[in-house]
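Peer 1: Below you will find the structure I want to go over with you.
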Amino acid sequence: MASSGAIVGIVTALVALGTAQLVAAVLAAPTSAPVDAVGAVSINHTPAPVKNFAISAFGSNDKTVLLWGIRGVLIVCAVIIGVLALRRLWYGMVGLAVFAVIGAAAALAQPHASASYALPTLVGAGISALALRSFCRLARSGQARTWVAWPPEETAARRPDPAGPSVGRSPLDASVSGRDALLAPDGAPAVPPSG
């Protein structure tokens, strides 16, 4: 379940960020995209010693490193949200809501921001909430289908027989496979060779 939850969370995060980025591009306001907005707020509120260290360590790439760091944190949080959502969907929805509030607040904190700056985050959160619900449903149905098709106790009995196909064989057939040599193809006792 954990691996399914991780995939659900990561794909949901990609849907949210991709949608938000697209809406920000349509609005021609790149700093309204949640990752860029959070990055800008982080830079504006970072203490001077930390800024100086980042500049000395990464040079002109300091902002790029910061944005990728934010994306990394988002992916880790997305995995946690996905795992929780598979347990209880509303856990995942609460997680999405928290990140939507953070993203929208960061966008509205930008210089010259208008109310429309919250739109990319809100649209991304809405679409990702629908996606999360669908992905959780798919993951749960996939797990149920796998369990019904291959229960652990029957796995060994369903493995292909090296001597031929095992269609129609029951688990008991494996224990009496030695008798198969004494049976004719139709299941009747074979006639022992004379002489």
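Peer 1: Please compute the contact order of region 9-89 in relative form: average sequence separation of alpha-carbon pairs under 8 Å and at least six residues apart, divided by the residue count, as a percent. Walk me through the intermediate numbers first.
Peer 2: Details: 43 pairs, mean separation 34.0, N = 81.
Result for region 9-89 is 42 percent.
Peer 1: Something else: Using a 10 Å cut-off on Cβ atoms, rank the peptides 44-52, 101-109 from the highest mean neighbour count down.
Peer 2: Details: 44-52: 9.9, 101-109: 19.7.
The peptides rank, most packed first, as 101-109, 44-52.
Peer 1: Hey, any idea what % of region 24-76's accessible area is carbon plus sulfur with a 1.4 Å probe? Can you show the working numbers first?
Peer 2: On the way: 2310 of 3260 Å².
Carbon-and-sulfur percentage of accessible area, whole number: 71.
Peer 1: Using a 1.4 angstrom probe, figure out how much accessible area region 1-138 has per residue, in square angstrom, rounded to the nearest whole.
Peer 2: Numbers: 7620 Å² over 138 residues.
Value returned for region 1-138: 55 Å² of accessible area per residue.
Peer 1: Taking amide H positions as placed in the peptide plane 1.01 Å from N, state which residues far from Ala109 in sequence (5 or more) or on other chains have amide H under 5 Å from it.
Peer 2: Amide H neighbours of Ala109: none.
Peer 1: Same structure, new question: Take the Cβ-Cβ distance between Val26 and Ser3 as r, set R0 to 35 Å, and report the resulting FRET efficiency rounded to the nearest 0.05. Before the final figure, lay out the partial values.
Peer 2: Values: r = 35 Å, r/R0 = 1.00.
Efficiency, from the Cβ-Cβ distance: 0.50.
Peer 1: Hey, any idea what the orientation-averaged projected area of the convex hull of region 1-119's Cα atoms comes to, in nm²?
Peer 2: On the way: hull surface 32.2 nm².
So the Cα hull casts an average projection of 8.1 nm².
Peer 1: Calculate, axis by axis, the spread of Cα positions in region 1-68 along the three principal axes, and write the results as whole Å, longest axis first.
Peer 2: Its Cα atoms span 42, 35, 18 Å along the three principal axes.
Peer 1: Sorted from largest down, give the three principal axis spans of the alpha carbons of region 54-93, whole angstrom values.
Peer 2: Principal-axis extents of the Cα atoms in region 54-93, largest first: 45, 12, 9 Å.
Peer 1: Report the net charge of residues surrounding Ser56, where surrounding means a beta-carbon distance below 15 angstrom and charges are Lys +1, Arg +1, Asp -1, Glu -1. Intermediate values should be presented prior to the final figure.
Peer 2: On the way: positive: Lys51, Lys63; negative: Asp62.
The answer is +1.
Peer 1: So, one more: Please report how far the C-alpha centroid of region 1-35 lies from that of region 121-141, rounded to the nearest whole angstrom.
Peer 2: Computed from Cα coordinates, the inter-centre distance equals 11 Å.
Peer 1: Here is a follow-up. Provide the FRET efficiency to the nearest 0.05 for the Phe58-Leu14 pair, computing r from the beta carbons and using R0 = 25 Å.
Peer 2: On the way: r = 26 Å, r/R0 = 1.02.
After rounding to 0.05, the efficiency reads 0.45.
The values are calculated or read from the model by the stated rules, or taken from the named source; none is laboratory data. Everything numeric in this text was worked out from a predicted model, so none of it was measured. Reconstructed Cβ throughout: ideal geometry from the backbone, glycine too, with neighbour counts over all protein chains shown. We work out accessible area using only protein heavy atoms, side chains counted, and drop any ligands, DNA or RNA first. Shrake-Rupley method; radii C 1.70, N 1.55, O 1.52, S 1.80 Å.
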